[in-house]
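**Student:** Below is the structure I would like to discuss, written out as structure tokens.
The values are calculated or read from the model by the stated rules, or taken from the named source; none is laboratory data. Treat the numbers as computed from the prediction; the structure is a model and nothing was measured. Quick reminder, even Gly has a Cβ in these numbers, built from the backbone with ideal geometry, and neighbours come from all protein chains shown. Each accessible area value is taken on the protein alone, full model and side chains, heavy atoms only, with ligands, DNA and RNA left out. Shrake-Rupley method; radii C 1.70, N 1.55, O 1.52, S 1.80 Å.
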Amino acid sequence: MVFNKRFAVLLATSLLAACANGEAPKAAAATPPPSKPAFSADPYPSTYKPYPGVPTLVTGVTIYDGEGGRIDDGQILFADGKVVALGQSVDAPAGATRIDGAGKWVTPGVIDIHSHLGVYPSPSVRAHSDGNEATAPVRAEVWAEHSVWPQDPGFSRALANGGVTTLQILPGSADLMGGRSVVLKNVYARTVQGMKFPGAPYGLKMACGENPKRVFGSRNQMPSTRMGNMAVDRQTWAKAAEYKRKWDKYNKSGGEMPARDLQMETLAGVLAGEILIQNHCYRADEMANVIDMAKEFGYKVTAFHHAVEAYKIADLLKANDVCAAVWADWWGFKMESYDAIDENLALLQNAGACAMIHSDDENGIQRLNQEVAKALAAGRRMGLTIPDELAWTWLAINPAKALGIADRTGSLKPGKEADVVLWNGDPLSVYSRPEKVWVDGALLYDSSDPKRRPVSDFELGQPGEGDVK
């Protein structure tokens, strides 16, 4: 105390002396703003490199371009990993591989916006169960890519049976904020970085409804109710906003660097618009609440997943530019899925909302074309006439938009990545399947060539390796 009083007297005396001499007190030198980021925002960058391809011309096919366009008896040319041209007649360079597609269909590669391949891989055993870090209601610091097992046989089945060329791998839905998602190219690679879609934004998996309140309520902790879900979310967003404010101030003006918090780092990325919200939510009222919460804290919900009651608020989703990723007919497996209807997708489309199909399942991902067909048929039964080619947007351009990669994939447009599927018949028929699949113009699956059937290292030497039945 004596030291403090003496220090205060000395400080006051020096300040008075400076003022008496007409001198302004000298402020302490401020730490300049940092010349570069304090840490890498991309510490696990993609190392994906396309497999080699050759210029290829497919002729005589029905083409769905993925954006609602259709070309009958058409042609498509792709080379150097990109779509070059499509139309009734296309000029191809000398030496291009030519494929007669008479009676067949060409579409963009299927995009599954909701998959757990790699984090819940096959075989489905406890040792492989790495999708839910269900140890606290908020686990935004975990990244799904750190659980993805590239040798999951499900990847090759999705490619060969389902024509899936791009997929988002999400953490599970036990937590309110379950961690970062990752977008992958469906190619064989030894590491997950070798599969990562270069430049694709990260997502934050959030969940509302029964799952978080059941998981944590059973432990006698918050949240145990839907109001608890919202309260924990709101308190967390408030904390994230303060964290972001401190880092924004530091990056602008310098000073003492704030402590780094990996959980808050992800949430600050959402508030900055760099990380996309992918929100597990079933009921219409909860989706409306989440939209209001997003407005309160200044972030955007990119897509609601499962969204079995989306048809009840299709206009609200459209007005707020929020997509809905839904199943064709999953229903009744828990109370919040009770009011699901088969016409959900068709009603969303009819209302002008952003609608898409998704799998959430290692078997369903192999048949998303059939899921679209079921949803389309349900809509037609109620009098909603939606063309086949428009329905294909549900697994092409719409999920590409919701993943932030629509400028590169999701449709067959010149200059876009040549993620292409040749189907041996109408792709909305239960009897059709992929005949050939290209990723970035490289032929990765050919039903007539056993050497073009991808087999993961895990399967080698085991019964049924590479089986695509």
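**Student:** I'd like to know how region 147-193 sits against the 2.2 N^0.38 Å rule of thumb: what's its Cα Rg over that expected value? Spell out each step's value before the answer.
**Tutor:** Numbers: Rg = 11.7 Å, N = 47, 2.2 N^0.38 = 9.5 Å.
Taking the Cα Rg and dividing by 2.2 N^0.38 Å, one obtains 1.24.
**Student:** Also, quick follow-up: Quantify how much of the Cα-Cα distance distribution of the chain extends past 28 Å, in percent. Could you put the intermediate results ahead of the total?
**Tutor:** Values: 60719 of 109746 pairs.
Distances greater than 28 Å cover 55 percent of the Cα pairs.
**Student:** Enumerate the whole-percent occupancy of each 5 Å bin, from 0 to the last occupied one, for all C-alpha pair distances of region 326-388.
**Tutor:** 4, 19, 28, 25, 17, 7, 1
**Student:** Once phi is turned into ³J(HN,Hα) by the Karplus curve 6.51 cos²θ - 1.76 cosθ + 1.60 with θ = phi - 60°, what whole-Hz value does each residue of region 144-155 show in order, with x for glycine and proline?
**Tutor:** Calculated HN-Hα couplings, in order: 4, 4, 7, 10, 5, 9, x, 7, 4, x, x, 5 Hz.
**Student:** Between beta-carbons, use under 15 Å as the cut-off and find the net charge around Val142, counting Lys and Arg +1, Asp and Glu -1. Could you put the intermediate results ahead of the total?
**Tutor:** On the way: positive: Arg139, Arg180, Lys205; negative: Asp130, Glu133, Glu141, Glu145, Asp175, Asp261, Glu265.
In short, -4.
**Student:** Can you tell me the order of 307-318, 264-275, 38-49 when each peptide is scored by its average per-residue count of other Cβ atoms within 10 angstrom, highest first?
**Tutor:** Working: 307-318: 22.2, 264-275: 19.9, 38-49: 11.7.
The densest-packed peptide leads the list: 307-318, 264-275, 38-49.
**Student:** Mind jotting down the three principal axis lengths of region 83-150 based on Cα atoms? Whole angstrom, largest first.
**Tutor:** Each principal axis gives a Cα extent; for region 83-150 these are 58, 26, 23 Å.
**Student:** So what's Rg/Rh here for region 214-261, counting alpha carbon atoms and using the Kirkwood radius for Rh? Each step should come with its number before you reach the end.
**Tutor:** Working: Rg = 15.8 Å, Rh = 12.7 Å.
Radius of gyration relative to Kirkwood radius: 1.24.
**Student:** Beyond 19 Å, how much of the Cα-Cα pair distribution for region 349-469 remains, as a whole percent? Working shown, then result.
**Tutor:** Numbers: 4163 of 7260 pairs.
More than 19 Å apart: 57 percent of the Cα pairs in region 349-469.
**Student:** Return the long-range amide H neighbours of Asp361 (sequence gap of 5 or more, or a different chain), with a cut-off of under 5 Å between placed amide H atoms.
**Tutor:** Close amide H contacts, sequence-distant or interchain: His116.
**Student:** With n ≥ 4 as the cut-off for DSSP H runs, can you work out [θ] at 222 nm for the chain, using -39500 (n - 2.57) per run divided by the number of residues, rounded to the nearest 500? Display every interim value, and only then the final one.
**Tutor:** Working: 11 runs with 126 residues, N = 469.
Result for the chain, helices only: -8000 deg cm²/dmol.
**Student:** Shifting gears a bit: When the Karplus curve 6.51 cos²θ - 1.76 cosθ + 1.60 is applied with θ = phi - 60°, which whole-Hz ³J(HN,Hα) does each residue of region 203-215 get, with x for Gly and Pro?
**Tutor:** Computed from phi, the couplings for region 203-215 are x, 10, 7, 10, 9, 10, x, 5, 4, x, 6, 6, 4 Hz.
**Student:** Ignoring ligands, DNA and RNA, what percent of the 1.4 Å accessible area of region 193-293 is carbon and sulfur? Before the final figure, lay out the partial values.
**Tutor:** On the way: 2230 of 4480 Å².
Carbon plus sulfur share of accessible area: 50 percent.
**Student:** Explain nothing, just compute: Karplus ³J(HN,Hα) = 6.51 cos²θ - 1.76 cosθ + 1.60, θ = phi - 60°, for every residue of region 432-444 in order, whole Hz, x for Gly and Pro.
**Tutor:** 9, 8, x, 9, 9, 9, 10, 10, 6, x, 9, 6, 9
**Student:** Follow-up question, since we're still on this one. Taking the convex hull of the Cα atoms, report for region 156-291 its projected area averaged over all directions, in nm². Working shown, then result.
**Tutor:** Working: hull surface 44.3 nm².
That works out to 11.1 nm², a quarter of the Cα hull's surface.
**Student:** So if we plug the beta-carbon distance of Asn220 and Tyr338 into 1/(1 + (r/R0)^6) with R0 = 35 Å, what FRET efficiency do we get, rounded to 0.05?
**Tutor:** Result of the calculation: an efficiency of 0.85.
**Student:** Tell me the net charge near Arg380. Cut-off is 13 Å between Cβ atoms, Arg380 excluded, with +1 for each Lys or Arg and -1 for each Asp or Glu. Present the calculation step by step, with values, prior to reporting the outcome.
**Tutor:** Values: positive: Lys374, Arg381; negative: Asp342, Glu343, Asp388.
Neighbour charge sum, excluding Arg380 itself: -1.
**Student:** Which whole-number percentage describes the relative contact order of region 277-398, with Cα contacts under 8 Å and a sequence gap of 6 or more? Don't skip to the end; give the middle numbers.
**Tutor:** On the way: 209 pairs, mean separation 25.9, N = 122.
Across region 277-398, relative contact order equals 21 percent.
**Student:** Once you keep just the Cα pairs under 8 angstrom separated by 6 or more residues, what percentage relative contact order results for the chain? Working shown, then result.
**Tutor:** Working: 1057 pairs, mean separation 90.9, N = 469.
After rounding, I find 19 percent.
**Student:** Let me ask something additional. Compare the peptides 78-89, 63-74 by average per-residue count of other Cβ atoms within 10 angstrom and give them in order, highest first. Walk me through the numbers before you get to the answer.
**Tutor:** Numbers: 78-89: 16.9, 63-74: 19.1.
Descending packing order for the listed peptides: 63-74, 78-89.
**Student:** Also, quick follow-up: Using alpha-carbon pairs under 8 Å, 6+ residues apart, how would you state the relative contact order of region 47-163 in percent? Don't jump to the answer; show the numbers that get you there.
**Tutor:** Working: 167 pairs, mean separation 25.6, N = 117.
Worked out over region 47-163, it gives 22 percent.
**Student:** At 1.4 Å probe size, with every protein chain present, just tell me what the per residue accessible area of region 338-397 comes to in Å². Kindly include the intermediate steps, with their values, before the conclusion.
**Tutor:** Details: 2120 Å² over 60 residues.
I get 35 Å² per residue for region 338-397.
**Student:** In terms of modelled amide H atoms, which long-range or inter-chain residues lie less than 5 Å from the amide H of Tyr48?
**Tutor:** Lys196
**Student:** Averaging the inverse of every distinct alpha carbon separation and then flipping it gives the Kirkwood radius. What is it for region 111-203, in angstrom units? Provide the component values of the computation, followed by the final result.
**Tutor:** Details: mean 1/r = 0.0759 Å⁻¹.
Value: 13.2 Å, from the Cα pair sum.
**Student:** Still on this model: Taking region 376-453, which chymotrypsin sites (Phe, Trp or Tyr not before Pro) meet the DSSP loop condition and have no more than 16 other C-beta atoms within 10 Å?
**Tutor:** Sparse-neighbourhood loop chymotrypsin sites (Phe, Trp or Tyr not before Pro): Tyr431.
**Student:** Another one. Suppose we take every Cα in region 26-92 and form the convex hull; what volume per residue is that in Å³? Spell out each step's value before the answer.
**Tutor:** Numbers: hull volume 13.1 nm³, N = 67.
Spelled out: Cα convex hull of region 26-92, divided by residues, is 196 Å³.
**Student:** What's the long-distance tail for region 36-178, i.e. % of Cα pairs beyond 23 Å?
**Tutor:** Details: 5506 of 10153 pairs.
For region 36-178, the share of Cα pairs beyond 23 Å comes to 54 percent.
**Student:** Note down, for region 276-414, the three equivalent ellipsoid semi-axes (square root of 5 times each alpha carbon gyration tensor eigenvalue), biggest first, whole angstrom.
**Tutor:** Working: eigenvalues 91, 73, 41 Å².
Whole-Å semi-axes of the equivalent ellipsoid: 21, 19, 14.
**Student:** Once amide H atoms are placed 1.01 Å from N in the peptide plane, what residues at a sequence separation of 5 or more from Gly68, or on another chain, have their amide H within under 5 Å of its amide H?
**Tutor:** Residues meeting the criterion, in which the H sits 1.01 Å from N, are Thr393.
**Student:** For region 58-99, give me the percentage of DSSP beta bridges that are antiparallel, rounded to the nearest 5 percent.
**Tutor:** Numbers: 9 of 10 bridges.
Given both bridge residues lie in region 58-99, the antiparallel proportion sits at roughly 90 percent.
**Student:** Quick one: net charge of Ile341's neighbours, Cβ under 10 Å, K/R +1, D/E -1?
**Tutor:** Details: positive: Lys312; negative: Glu309, Asp329, Asp339, Asp342, Glu343.
Computed value for this residue: -4.
**Student:** Using DSSP, restrict attention to beta bridges with both residues in the chain and report what percent are antiparallel, rounded to the nearest 5. Don't jump to the answer; show the numbers that get you there.
**Tutor:** Working: 33 of 62 bridges.
Antiparallel: roughly 55 percent of the beta bridges in the chain.
**Student:** Work out, step by step, the length gained on full extension between Ser253 and Ala41: first 0.36 nm times the residue separation, then minus their alpha carbon distance; give nm to one decimal.
**Tutor:** Details: separation 212, 0.36 × 212 = 76.32 nm, distance 1.97 nm.
Value of the extension gain: 74.3 nm.
**Student:** Sticking with this one: Among the listed pairs Lys82/Lys318; Lys318/Lys416; Lys36/Lys413; Lys49/Lys300, which have their C-alpha atoms separated by more than 29 angstrom in this model? Numbers along the way, then the final one.
**Tutor:** On the way: Lys82/Lys318 32 Å; Lys318/Lys416 27 Å; Lys36/Lys413 38 Å; Lys49/Lys300 32 Å.
Long pairs (Cα-Cα over 29 Å): Lys82/Lys318; Lys36/Lys413; Lys49/Lys300.
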